[in-house]
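The values are calculated or read from the model by the stated rules, or taken from the named source; none is laboratory data. Predicted model, so just to flag it, every value in this text is computed and none were measured. Virtual Cβ from ideal backbone geometry, glycine too; neighbours counted across all protein chains shown. Each accessible area value is taken on the protein alone, full model and side chains, heavy atoms only, with ligands, DNA and RNA left out. Shrake-Rupley method; radii C 1.70, N 1.55, O 1.52, S 1.80 Å.
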Amino acid sequence: MLVLVVDSSTPAVTAALVEVSAVGVALRASRCTVDARAHGELLAPQVDAVLADVGARPADLAAIVAGLGPGPFTGLRVGLVTAATMGQVLGVPTYGVCSLDGLGRPAEDGDETVLVASDARRREVYWAVYDGAGRRVAGPDVAAPAVVAERAREMAVTVAVGDGAHRYADVLGLLVRDEPRYPDPLALAGLAASRIRAGGPGEALTPLYLRRPDAVAATGHKPVLR
């Protein structure tokens, strides 16, 4: 089954095609561009590009997987709206996966407890902790790096990954791996693979914002005449 994967929860705008079979998940094509201000401009062309790479059409897709975040409001909704719209138009199921899991799952190769952190702006990070099997054991949540560092010490975390970990490495005080820095589309697809194989019904793609948007509705009216 040919499956589209999209993620726009971080500055990395990602679109990929994977093949989900009874024995595993294989990457067929991928595009990733790091630009925190161009999610809306980049994602659709990247979807077209990965389809063209394998000579496929949108009608060939069996399902769509989307990273649910956490992530900043504007960028995150680009990927979710794209996935939801395509799923509805094509009549294929959509499945959501926590984007931080796409960073934590590759860590399952070792036996270390790993902190995953992505940049949440406002001098905060979105974070979660994963055990040596790649299972999430804390989070997702959002907090200042100093607060996350304390939690990491309490949980005997030894290493960190993710763009947020790089940005605040001096505060976290952990060994920071170079990769993965952004959610891995193959890992995201792997986390949804059992649902895809089972042909389960599509899911509502509910974003993990974790905090309220900056813009709020006015609560009163200012007088214009004095």
- Non-local amide H neighbours of Val34 (under 5 Å, H modeled in plane, Pro and chain starts lacking H): which ones? Val13
- Arg197 paired with Asp111, simple spin-label distance in nm, labels 7 Å along Cα-to-beta-carbon: 2.8 nm
- Determine the dipole magnitude for the chain: charges of +1 sit on the beta-carbon of Lys and Arg, -1 on that of Asp and Glu, nothing else is charged, the reference point is the Cα centre, and the result goes in debye to the nearest 20. 920 debye
- Task: About the Cα centre of the range 1-133, how large is the charge dipole given +1 on each Lys and Arg Cβ and -1 on each Asp and Glu Cβ? Please answer in debye to the nearest 20.
- Result: 540 debye
- Note on the structure: Of all C-alpha pairs within the range 144-186, those more than 13 angstrom apart amount in percent to 50 percent
- Distance in nm between label sites at Arg57 and Ala38, each 7 Å beyond Cα in the beta-carbon direction? 3.0 nm
- Please give the contour-minus-distance gain from Glu154 to Asp178: 0.36 nm per residue of separation, less the Cα-Cα distance, rounded to one decimal in nm. 6.3 nm
- Item | Antiparallel bridges, percent of DSSP beta bridges restricted to the range 1-122 (to nearest 5) | 60 percent
- Distance between Cα centroids, the range 147-212 to the range 46-100: provide it in whole Å. 19 Å
- Task: Would you please give the FRET efficiency between Ala133 and Thr74, computed as 1/(1 + (r/R0)^6) with r the Cβ-Cβ distance and R0 = 45 Å, to the nearest 0.05?
- Result: 0.85
- Summing +1 per Lys or Arg and -1 per Asp or Glu among the other residues with Cβ less than 11 Å from Arg181's Cβ gives -3
- Based on Cα positions only, what radius of gyration and what Dmax would you give for the range 94-210, in angstroms? 14.2, 45
- Residue (of Ala44, Val65, Val116) at the positive-pole extreme of the range 1-130, dipole from beta-carbon charges: Ala44
- In the neighbourhood of His166 defined by beta carbon distances under 11 Å, the net charge of the other residues (Lys, Arg +1; Asp, Glu -1) is -2
- Note on the structure: With a 1.4 angstrom probe the carbon and sulfur portion of accessible area for the range 18-105, in percent, totals 54 percent
- Task: Could you order peptides 136-147, 1-12 by the average number of other Cβ atoms within 10 Å of their residues, highest first?
- Result: 1-12, 136-147
- Query: Can you list, bin by bin at 5 Å, the percent of alpha carbon pairs in the range 61-132, starting at 0?
  - Reply: 3, 16, 20, 18, 16, 13, 10, 4, 0
- Over the chain, average the accessible area per residue using a 1.4 Å probe and give it in Å², no decimals. 49 Å²
- Two-decimal Rg/Rh across the chain, once Rg and the Kirkwood Rh are taken from alpha-carbon atoms: 1.02
- Protection proxy ranking, peptides 159-172, 44-57, 188-201, average beta carbon neighbours within 10 Å, highest first: 159-172, 188-201, 44-57
- Message: Give me the one-decimal nm value for the distance between modelled label points at Ala49 and Val171, 7 Å along each residue's Cα-to-Cβ direction.
- Response: 3.2 nm
